[in-house]
Every structure is written in structure tokens, then in C-alpha cells.
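Heads up: the structure comes next, in C-alpha cells.
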Amino acid sequence: MSTKRISKEYAEISKSPPEGFTVSLPPNESIHTWQVTLAPPPASPFHPGKYGILLTLPAEYPFKPPAVRFTTRVYHPNVTNDSLGNVCLGILKPENWKPSTKIAAVLDALRNLLVEPQPDDPLEERIADEYRNDRAAWEHNVRIHVEKHARAEPVFPPLSSK
């Protein structure tokens with residue numbers, strides 16, 4: 001069931017991706033790993049950056065949520081400020097995940113996170129404090145990160161077979 005549902009969602013998203021996204025499968029990989037590129041909307045301080053996102057669907061999908069991580073460094077309270085790029089996103093938390101949720105909704109939630117960070121549920125407390133207390137400094141640091149890390153096409157790490 002998992003592969004059939006994933007294939008159907010991949011076909012839908014490939015044909016009509018959510019705004020700002022492109023989705024592809026890595027060469028020689030299964031349908032369970034997607035390479036996603038996000039170009040945030042102009043209203044986002046992360047614009048005009050381009051962000052690589054690795055979306056991994058477990059064998060138990062849709063009963064378990066996908067794992068999502070940024071492959072492009074991003075200065076954000078809800079994304080670890082390291083090479084792992086782990087994301088804190090409410091929709092993906094096991095207690096919030098519903099099997100009826102589609103990948104398109106996950107991508108929309110990721111785009112919304114770049115428009116409106118959630119500083120009350122941070123992975124990076126220092127960045128969340130800056131966002132809450134000194135928005136100008138936060139936006140300045142975001143722009144520095146965009147210029148340094150997000151101006152070229154995203155690079156996805158080589159995937160190893162498990």
C-alpha cells in the first residue's frame with residue numbers, strides 16, 4: 001500500500017507541484033526518497049534563496065510521517081543550524097500526524113515555516129530569541145545565510161543504501 005500511495009502522490013506533485021517547489025527522485029533510488037527544491041515566496045526573508053530538502057518516506061507511510069531535513073543551511077528557529085538540517089514541524093510530529101495527510105500538505109507547511117517561523121517550538125533557542133526580540137538582526141542574519149548558502153542550486157548529499 002505504501003509504495004502505491006507514494007507513487008500516486010509523487011505523480012500528482014510532479015505534474016502540479018505546490019508553489020515554489022520542484023520535486024525529483026535521486027538517481028537509482030526508490031520512490032521513498034525525494035529531493036525537493038524550495039524557492040520561498042518574495043514575502044519571505046529567505047527569498048531569493050533556493051533550499052534543498054530531503055524527504056524520506058518510511059515503509060510504514062502513510063501511517064508514519066515522512067522524515068524531512070534541509071540539505072541547504074538555513075538560519076531558522078525551527079531548523080537545526082548545522083549540516084543535519086533537522087526540522088521541527090508540528091504536522092510531522094507523531095502525535096499530530098494523520099494517515100490522510102498528503103505530502104503536498106507537508107510541503108505547504110514547510111513553505112509556510114519560511115514565511116512565518118514558529119519561535120515557540122524551536123530547535124534553535126538562540127535564533128528563536130533573536131526572532132522574537134530583535135527581528136531586524138534576525139532578518140540580517142537570514143540574508144547573510146541566504147547569500148552564503150542558498151544562492152546556487154541546492155546540492156543533495158549522495159544517498160547510501162541502507
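The values are calculated or read from the model by the stated rules, or taken from the named source; none is laboratory data. Quick caveat: nothing in here was measured; it's all calculated off a predicted structure. Note that each Cβ is placed from the backbone with ideal geometry, even for glycine, and that neighbours are counted across all protein chains shown. Just the protein is used for accessible areas: all its heavy atoms, side chains included, with ligands, DNA and RNA removed. Shrake-Rupley method; radii C 1.70, N 1.55, O 1.52, S 1.80 Å.
A search for C-beta distances below 7 Å between a residue of segment 134-157 that is farther than 10 Å from residue 51 by Cα and any residue that is open to solvent by 40 Å² or more (accessible area, probe 1.4 Å) and assigned to a loop (DSSP other than H, G, I, E, B), counting only pairs 6+ apart in sequence or on different chains, returns 145/73. Which residues, taken from segment 25-46, are under 30 Å from residue 139 (Cα atoms) and either touching a residue at least 12 places away in the same chain (Cβ under 8 Å) or among the aliphatic types (A, V, I, L, M) (or both)? Within segment 25-46, 34, 35, 36, 37, 38, 39, 40, 41, 43, 44, 45, 46 qualify. Does residue 150 meet the test of being touching a Gly at 6+ places or on another chain (Cβ under 7 Å), open to solvent by less than 40 Å² (accessible area, probe 1.4 Å) and under 18 Å from residue 69 (Cα atoms)? Yes.
Of everything in segment 9-37 that is aliphatic (A, V, I, L, M) and under 17 Å from the mean Cα position of the chain (by Cα), the residue that is surrounded by the most Cβ atoms within 10 Å (Cβ to Cβ) is 36.
Going by what's in this entry, would residue 8 be described as out of contact with any Leu (no Cβ under 6 Å at 6 or more places or on another chain) and free of Cβ contacts under 8 Å to residues at least 12 places away in the same chain? It is true that residue 8 is out of contact with any Leu (no Cβ under 6 Å at 6 or more places or on another chain) and free of Cβ contacts under 8 Å to residues at least 12 places away in the same chain.
When only residues in segment 59-85 that are surrounded by fewer than 18 Cβ atoms within 10 Å (Cβ to Cβ) and free of Cβ contacts under 8 Å to residues at least 40 places away in the same chain count, which is farthest from the chain's Cα centre (by Cα)? Among those residues, the one meeting the criterion is 63. Pairs are defined by a Cβ separation below 7 Å, a sequence spacing of at least 6 or placement on different chains, a first member in segment 104-124 that is over 22 Å from residue 8 (Cα atoms), and a second member that is of a type in the set (Lys, Arg) and part of a helix (DSSP H, G or I); the pairs so defined are 119/132.
Each residue in segment 132-145 was checked for being of a type outside the set (Lys, Arg), part of a helix (DSSP H, G or I) and over 17 Å from residue 73 (Cα atoms), and 3 pass. Count of segment 117-147 residues, restricted to those that are of a type in the set (Ser, Thr, Tyr) and exposed (fewer than 12 other Cβ atoms within 10 Å of the Cβ), is 0.
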